[in-house]
1. When residues of segment 761-787 are filtered for being outside any helix (DSSP H, G or I) and among the hydroxyl-bearing types (S, T, Y), how many remain?
2. Restricted to segment 684-703, and to residues that are hydrophobic (A, V, I, L, M, F, W, C) and surrounded by fewer than 23 Cβ atoms within 10 Å (Cβ to Cβ), which residue is farthest from the chain's Cα centre (by Cα)?
3. If you scan segment 102-155, which residues turn out to be within 34 Å of the chain's Cα centre (by Cα), among the hydroxyl-bearing types (S, T, Y) and over 13 Å from A175 (Cβ atoms)?
4. Out of all the residues in segment 757-775, is one or more under 25 Å from V656 (Cβ atoms) and either touching a residue at least 40 places away in the same chain (Cβ under 8 Å) or surrounded by 23 or more Cβ atoms within 10 Å (Cβ to Cβ) (or both)?
5. Could you please tell me which pairs satisfy a Cβ distance under 9 Å, a separation of 6+ or placement on different chains, a first residue in segment 445-466 that is in a loop (DSSP other than H, G, I, E, B), and a second residue that is among the β-branched types (V, I, T)?
6. Starting from segment 662-677, keep only residues that are assigned by TED's automatic domain parsing to the domain that holds A747, then list their pairs with residues that are charged (D, E, K, R) and in a loop (DSSP other than H, G, I, E, B) whose Cβ atoms are within a distance under 7 Å, requiring at least 6 positions of separation or different chains.
7. Would you pick out the residues in segment 603-640 that are in contact with a Leu (Cβ under 9 Å, 6 or more places away or on another chain), surrounded by 24 or more Cβ atoms within 10 Å (Cβ to Cβ) and over 16 Å from F679 (Cβ atoms)?
Amino acid sequence: MIMQCAGKQRIGLGSWLGMRAGALLISFLAFPAMGITEVKKPVHAHSKAKTAKTGTKTSTPKKGPTKAGAKEHATKGGKSVATKHPRLAGHADPVAAPVATAQSIRLTSAFLASSQLRPMAQQLASTRSAAAYDGVSSYAKGHPGDGAATAFLALGHAYMLDKRYPEAANTYRQAGASGDALSDYADYLGAQAALAAGHGADAYGLLDHFDERHPGSIFVANAPVLLANLYLQQNNPQGALNVLTPIDGSPQSVHSDFRYALGRAYQMNGDTARATPVFRTIFLSQPLTAEASQARTQLAAMNVPLTAGERKIHADALYNAKRYGEASQEYHALEKNDPGLSQGDKDALEIYAAVCDLKLKRLSRHDVEKLPQTDDDSAALKLYLLSELARNENDVTGNDRQVAELVSRFPASRWTEEGLYSGGNMHLLKHEQVEAISNYQTLVRLFPKSTYAPSAHWRAAWMSYRLRRYTDAARLMDEQITMYPAGIEAPSALYWRGRLYEDEGGDFGQAANYYRSLTTNYVNFYYAVLARQRLAVIGAKAVTVSAAAPLASVRTPTVPELTGELPENDPHLIKARLLANAALNEYIGPEIQASATSGQWGALAQAEIYASFGEYTRALQSMKHSGISFFSIPMSQVPSIYWRLLFPQPYWSDLVADSQRNGLDPHLVASLIRQESEFNAGAISPANAYGLMQLLPSVGKAAAKKNGLRGFDARQLFNPSTNLLLGTTNLREVLDRFGGQAEYALAAYNAGDTPVRRWLSTNDYKDVAEYVESIPYSETREYVQAILRNREMYRALYPVH
């Protein structure tokens, strides 16, 4: 059953077999088209890993180390010192401080009692060495009560990580017997350990009436599933059904672990009629979960076959999730082992498997040429494969020919959309702007709701600008603002449309309208910085005129209600801090979010917990992942503590001194480090770039020689002081190679000198901003813009005199 949806062809849940009149293709569910979304970046010449070849189709924005959350801090004597920040005018009123209760007092006491445990517990969670185990065990013996309970929780957590389940269960029991501040954790995690150890009978008492004994616990919703699994382990399916069926239909019941436990209970109780649809639904609707493969096993055990159509849908989901190896295996298995398939179906599956091989970089032209000829949409897929091989072989004519055939023969195919975007990117990298515009505009015309449409439309607009086709560029930029107001390209369109009004039309009033819309709705974006500069330039020439119609489509950001003061008696907040003492880091966020008022302070609280321990990277990461659109909000509307956590100052004294020694702006250096390593001094990239400024050992060695450092060893790059000394030396050299122009130097730091010089060789940019927008590698362009934007944030927060 073939369905059309938003310009994407998809296979419905019904069987696709035998329906040769329709197109047979990969259903993409909610995922973007094949993940081929960006022009990929090159290998990094100076620092972080860049392993993909220049000119490929995808780009994954750089992601730093995963560390999360914190309270504003100052540094004194190398230690983090918590500081208070008054609420600023215009911010949300502080959350009404909860009154101290017996629970909050007990939790606070436990937090204080275990305050010295945190370094040892965090070390244990990280290394799980014999010495670390001994240290936490000694702490537990020497600190009775909640101090011991917290230490036993840390030990149990480490044992679980090491899969030493009996020891984990024992230490969790000791935690529960020693103190009750975290008794819900001792009970729930202890039950998990007992189940993993195969001692489910020992855990019934821990979970019985869990919600009554631990009201408000974050584990209340999960406890019934764990209890049901204990019953199943003890071969008591009716006990599991008694737990699960009364809450079937609750929010928790849609989760795969709940559904699988329910299916197993029915199966073990002999009710295969009820078990079968439960397992089948997991396999089809939650295909990426661990329970999906388990459900498949149970269906096979009950001799319930999956249809070829169901297996095809599952394989499609694996492909969409970029699990290409598993998807390929499933396509091949289905092709070879299902005797009921027609030859046409087998041919289609062989081609589907081939696109997995393309993604795995193990598909040759010979492989594609051997693929069968088909008469359905898999024929479009074969053409797409040929177009991609032509691109990989630098055969521009061949790529154009295959894409043209896709457009002619399969104008509605998913693979035509893929081919057009990839072909446009190929021409973009080759500076063949007319051809790229043609591909992108055809894509937007045929697939206006495509995942690629906003990007393709903007690239057509920008290349029209670069060709100095200003009338076309102006129209396309206004269309961009109107058609794709939520797209990441909207700020670019606003700025450059304003520039066209200013530079080409002499309409300073309308230019100012676009610049003001940008500075109002994207206040801290890179282009907002440039827009403020343009407003200063045109000054009094910006007479008042009515705003152009496209500006009515600009999205106005929602300013969240945030407070800079934490509700110190909130049990969940205190509990989260106590969890950090036990190194139960994965539960800190969920514990905070369990508070009804955490929407106003939760991001700050989580960040505070990490920053209080000097974990600046985790603090920064937690703020980034908070869901708050900080760069759309004026700095004055957010308490300053949030900004200082987003733009921290680790190693600031050395950073400023080394920057100034090399004639660098410290704010630029801090912004580069924030982008490269997020201040993780121990960061290592896949290309073996080390430390804060992500230096390759060869680069570090050259900088060490210049600074007179003898006996250089790459491990010295993990020392923040050494990394800053050598990194600022290297950055100075990169800047000098590009005439001191930060935009060029940053692009080279990310992409290497050679591409930057190639881009500069066209020598037809009106200004540096035009050069930056013209960088064809998406990661490099965004990297440069982010660092320059962040430099302005650092300047505003930390003036250097």
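The values are calculated or read from the model by the stated rules, or taken from the named source; none is laboratory data. Not measured: the values here are computed from a predicted model. Because the Cβ atoms are built from the backbone with ideal geometry, glycine has one as well, and the counts that use them run over all protein chains shown.
1. Of the residues in that region, 4 qualify.
2. Going through the qualifying residues, I end up with A702.
3. Listed by number, the residues that qualify are S115, S126, T127, S129, Y133.
4. Checked against the condition, which is being under 25 Å from V656 (Cβ atoms) and either touching a residue at least 40 places away in the same chain (Cβ under 8 Å) or surrounded by 23 or more Cβ atoms within 10 Å (Cβ to Cβ) (or both), segment 757-775 yields no hits at all.
5. From residues that are in a loop (DSSP other than H, G, I, E, B), the pairs are F447/T416; S450/V444; T451/T37; Y452/I36; Y452/T37; Y452/V444.
6. Matching pairs, first to second residue: E676/K48.
7. A603, L604, A605, E608, I609
This table checks each residue for (1) closer than 24 Å to Y266 by Cβ; (2) in contact (Cβ under 8 Å) with a residue 12 or more places away in the chain.
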position: E291; (1), (2): yes, yes
position: T297; (1), (2): yes, no
position: V304; (1), (2): yes, yes
position: A308; (1), (2): no, yes
position: R311; (1), (2): yes, yes
position: L318; (1), (2): no, yes
position: K322; (1), (2): no, yes
position: E330; (1), (2): no, yes
position: P339; (1), (2): no, no
